[in-house]
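Notes follow the structure.
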Amino acid sequence: MKEIAADMAERPERGKVASYIPELAKIDPKKFGIVVIDDEGNVASGGDSEAPFSIQSISKVFTLTLALGKIGDKLWQRVGREPSGSAFNSIVQLEYEKGKPRNPFINAGAIAVTDVIVSGHQPRESLGEILHFVRFLAEDNSIKIDDEVAASEQRTGFRNSALANYMKSFGVLENPVHFTLGVYFHHCAIAMSCKQLAMAGRFLATNGINPSTDMSVVTPERAKRINSIMMMCGHYDGSGEFAYRVGLPGKSGVGGGILAIAPGKASIAVWSPGLDENGNSYLGRIALEQLTRRMGWSVFGV
Ligand code: GLN
């Protein structure tokens, strides 16, 4: 990890930090962190591995897990599970598909998933449930929501409002649009370090079991399915390229983080704020490609 971090520190080409959420535009593009936690709990890290960053869309892995826990396979009546091949905030696809988002990781799909968690609760309770779940997985009660990032996104989230209102018109959302969006913006604004994120991802690398307690978080089958969706949809219209280069299930966020899972082997978190043209971490992907190549850790065995 130290060698990968040293290599990444020297790269001049780092992508562009997200600017459409003003608060994220302030982040130093030179930051880089990586943490690997293997199935025995050994931790290896490099770079800014303890610095918190905005997990953004990586939170969608945790909300998907919660929503599946709540309503099971009924979720698939509201959201699809096919790769989208379009941008994470595309509106045109939603119109073609009559308000049913293509998968749980594009913004529209994640907003529909959040709506499932909100149903039957006050927004504050739902947000508490999400944060509690993430803290439980990471075994770290210090994990917080960055209120400034949430407010920044709430102020400028016109596109997400459009997606949510559009779905509401088809009856895909059950709750008031501003309730669901408020919870969505806030769970995207959870701040975590690579270390905390890799901890939170462990259950996906160990057949759904929390390795510290041996308790089941999800069934092995559900862990498999969440990993499959990460593999096919976790990087939006860059999912094919990520699978081609890295060969692991992964979920990116516009904060520059990626959670990647080497099933049976390790949970991996990497952070580099500069993004490529699809909104995925530019150096994060390169670092993961190096890691899987050197460890022979892709799901395809090399
Ligand atoms: N909160 C961001 C948004 O809704 C999440 C997008 C992302 O990380 N790709 O635009």
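The values are calculated or read from the model by the stated rules, or taken from the named source; none is laboratory data. Remember, it's a predicted structure, so these values are computed and weren't measured experimentally. Methodologically, a virtual Cβ is constructed for each residue, glycine included, from the backbone with ideal geometry; neighbour enumeration extends over all protein chains shown. Ligands, DNA and RNA are stripped out before the accessible areas are found, and what is left, the full protein with its side chains, is counted by its heavy atoms. Shrake-Rupley method; radii C 1.70, N 1.55, O 1.52, S 1.80 Å.
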If I filter region 158-174 down to residues being out of contact with any Leu (no Cβ under 7 Å at 6 or more places or on another chain) and within 16 Å of the ligand (Cβ to nearest atom), which single residue comes out as farthest from I91 (Cα to Cα)?
L173
Taking only pairs six or more apart or across chains, which ones have beta-carbon atoms under 7 Å, a first residue in region 1-30 that is within 16 Å of the ligand (Cβ to nearest atom), and a second residue that is of a type in the set (D, E)?
G15/D276; I21/E153; E23/E148
Within region 133-155, track down each residue that is assigned to a helix (DSSP H, G or I), open to solvent by 30 Å² or more (accessible area, probe 1.4 Å), within 16 Å of the ligand (Cβ to nearest atom) and charged (D, E, K, R).
D147, E148, R155
Working carefully through the options L248, L204, find the one that is open to solvent by less than 10 Å² (accessible area, probe 1.4 Å) and in a loop (DSSP other than H, G, I, E, B).
L248
Name the one entry in G240, G264, G279, G256 that is of a type in the set (G, A, S), away from the ligand (no atom under 16 Å from the Cβ) and on the phi > 0 side of the Ramachandran plot.
G264
Unique residue being outside any helix (DSSP H, G or I), at pLDDT 95 or above and small (G, A, S) when the list is G171, G182
G171
So the check is Cβ under 6 Å with 6+ separation or different chains; which pairs have a first residue in region 65-84 that's at negative phi and a second one that's open to solvent by 60 Å² or more (accessible area, probe 1.4 Å)?
G80/R102; E82/R102; P83/M232; S84/R102
E129: away from the ligand (no atom under 16 Å from the Cβ), part of a helix (DSSP H, G or I) and either open to solvent by 20 Å² or more (accessible area, probe 1.4 Å) or out of contact with any Asp or Glu (no Cβ under 8 Å at 6 or more places or on another chain) (or both), yes or no?
yes
Which numbered condition trips up V177, out of (1) in contact with an Asp or Glu (Cβ under 6 Å, 6 or more places away or on another chain); (2) within 22 Å of I91 (Cβ to Cβ)?
(1)
Across region 73-103, which residue is farthest from S239 (Cα to Cα) among those that are open to solvent by less than 20 Å² (accessible area, probe 1.4 Å) and in a loop (DSSP other than H, G, I, E, B)?
G99
Taking only region 207-233 into account, find how many residues are more than 20 Å from I258 (Cα to Cα), outside any loop (DSSP other than H, G, I, E, B) and among the hydrophobic types (A, V, I, L, M, F, W, C).
2
Looking at this structure, is A189 surrounded by 19 or more Cβ atoms within 10 Å (Cβ to Cβ), of a type in the set (A, V, I, L, M), within 13 Å of the chain's Cα centre (by Cα) and more than 17 Å from G69 (Cα to Cα)?
yes
Those residues of region 265-285 which are part of a loop (DSSP other than H, G, I, E, B) and in contact with a helix residue (DSSP H, G or I) (Cβ under 7 Å, 6 or more places away or on another chain) amount to K265, S272, D276, N278, G279, N280
Which of the residues belonging to region 221-256 are of a type in the set (D, E) and farther than 16 Å from S57 by Cβ?
E221, E241
Filter region 27-40 for residues that are modelled with pLDDT of 95 or more and open to solvent by 30 Å² or more (accessible area, probe 1.4 Å) and give the result.
I27, D28, P29, K30, K31, D38
